[in-house]
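Take a look at the structure below.
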């Protein structure tokens, strides 16, 4: 048994390691990875594809599966152009390697609703190249012109009933030249893409064989539970190490800058050891943090916002000529990610190599960070990417991987670090609290002629460790959803004021759009009410040059029965947004209980995400995004008192329960546009759609989340 102390600055690691990882460039991985994987029994024309003589086709997926369906979407992209029999296609998680860099990120990572968008062309090229080589192999075998042959169902077909399976062509195909620009199918030729397809990872999740990070096991493993520092700069004030070490099974007590960890032979022993520590923290200046102080700092930053994101027209003249003016302030709190699987990482640092088993959204940075901590070359680090029990951006951070690696290095054992949910909520990475001060004006025709938005919020860019604020001072993530809206308003000023109350802020599902679309779509609804206009028609008049956004608004409204009476006591609200290359509109149907509690009965969503891979996954993602956003609107709040977070688990940080889930209808727009993202765009419109319905029901405008039922009983 031992006690150890080490100082390790998480942000320093992120800046030095993750920052460099983000500059890795993307290249189509053909020759080098082909040489590594090619054998006499395997046809491996590129990094993503393997075909064996038994006609089994394996696609390697470099993206992380966190419920969004990439372990099915990635194989579908390859299989379509390969003309493969889908029943013979399997998928494996790719290793951490620059060959699998996300083309839009320049590193191997999953987020920003980019997987399909980023791989739409490269993965189809990979399948098309393999198809070309297999046809060439058959042509060589039959001594025929390749133009006489075609691929279908994992076979090459020739004249006179000739037929060879891909498996039979493995050896010959491996000798063919890899085409640099293989012909890709036109959308009208697709047989698999755009067809509802069951997910490949479902059977393993149903039968229990699926491996999540928390399932990882290594011989000699110790389990670590950490009492994490509740604020930056917090120091242990007192603890009883002897009492912790006296717990049966406890082997080490190790102090890091990130917190104090107890390592034991099992989770329960480690948990009991941590409880026995009776650790008290000295919060320093952070002890003064409160939710009231956060609000005050945000309000001050918004009032002094000078970093200009948008400045056009003449606000002074527009105000002077306005028939009506309106102002309003909106605010949202910090939010936790609340992943269902607790954050965890298993690390094993040895003298010349290191391995981690982790559900991560960023394998590329993980590899670089672990290499630096372990003191080994990056090519001696193995990152075993497991399934993720929810990500939402949280698992793009590396705090749990850093701590697990340090604990393994110090203890000399493989270590599985597990955060309890309270650990993550109390010292986690949050969606920024944010506040906006709006001013709007209507002209003499009742059209919106002026929009001013002053935003006060912490900066994800500044706090990330691998990005910097531009010279303008505008954090793009703090203003997205407002600064890039599509409404045709002649006079606008959108400004950002940075406020840093202290808590670490991070990417959260749909990032800045999650709060800013709530702000903007609610305020636009206020302007429509002031103009005595229908909220839908008011929006459509400002979207004459935006056919895709108009399209989803009109489709959602039509499918919801907008303009027709709803059920007695039920009211409708509408909202829409474009983000991550996709357009989503949602109509919410809401009633208000006697205690003021809103109940969402039905949500109708219209989605234009360009060309699709798997419509079934799109529907599931929109349902998930609505559930996630609705949980935040109704309940989500991370509050602070005396420097401490007041929430710890689902009893005081509720998420939507099954009986509360509304009926969700998803309608897809047929499109030939390039694919957009789908994991995040369904989240932003739900809060404003619900709150706009609440206004229709009560006359009370919800300007602060989460929704407070008691406030809805106060008629406007």
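Worth pointing out:
- Averaging Cα coordinates gives a centre for the range 193-218 and one for the range 262-283; these two points are 33 Å apart.
- Protection proxy ranking, highest mean first, for peptides 431-441, 670-680: 431-441, 670-680, where packing is the per-residue count of other beta-carbon atoms within 10 Å, averaged.
- Equivalent ellipsoid dimensions for the chain as semi-axes, Å, which come from the Cα gyration tensor, largest first: 43, 38, 22
- Label-point separation in nm, residue 471 to residue 242, each point 7 Å along Cα→Cβ: 6.2 nm
- In this simple spin-label approximation, residue 186 and residue 275 carry label points 7 Å from Cα along the Cα→Cβ vector, and these lie 6.9 nm apart.
- FRET efficiency, residue 564 to residue 87 (Cβ-Cβ, R0 41 Å, nearest 0.05): 0.35
- Ranking of 212, 43 by count of other Cβ atoms within 10 Å, fewest first: 212, 43
- Each of 132, 651 was scored by other Cβ atoms within 10 Å of its Cβ. Arranged with the fewest first, they read 651, 132.
- Taking other Cβ atoms within 10 Å as a rough exposure proxy, 500, 299, 351 sort from fewest to most as 351, 500, 299.
- When the helices of the chain are scored as -39500 (n - 2.57) per DSSP H run of n ≥ 4 and the total is divided over every residue, the value at 222 nm lands at -8500 deg cm²/dmol.
- Computed over the range 564-616, Cα set: Rg, Dmax in Å: 14.6, 45
- Cα gyration tensor category, rounded, prolate or oblate, for the range 38-197 with a/c compared to 1.5: prolate
- Euclidean distance between Cα centres, the range 622-700 to the range 481-560, Å: 16 Å
- Subtracting the Cα-Cα distance of residue 202 and residue 177 from their residue separation scaled by 0.36 nm leaves 5.3 nm.
- Legend: calculated FRET efficiency, residue 316 to residue 379, from the Cβ-Cβ distance at R0 = 56 Å, rounded to 0.05, equals 0.40.
- Label-to-label distance for residue 304 and residue 217 is 5.7 nm, based on points extended 7 Å past Cα in the beta-carbon direction.
- Mean projection of the Cα convex hull over all viewing directions, computed for the range 631-716: 8.8 nm².
- Scaled radius of gyration (Cα, divided by 2.2 N^0.38 Å) that the range 419-568 gives: 1.24
- With 0.36 nm allotted per residue and the present C-alpha distance subtracted, the residue 651-residue 235 stretch has 146.9 nm of extension available.
- FRET efficiency for residue 710 and residue 599, using Cβ-Cβ distance with R0 set to 22 Å, rounded to 0.05: 0.90
Since every read-out is calculated from the coordinates, none of them should be taken as a lab result. Just so it is clear, the structure is predicted and the values come from calculations on it, not from any experiment. A quick note on method: Cβ atoms are made from the backbone with ideal geometry, for glycine too, and the neighbour counts reach across all protein chains shown.
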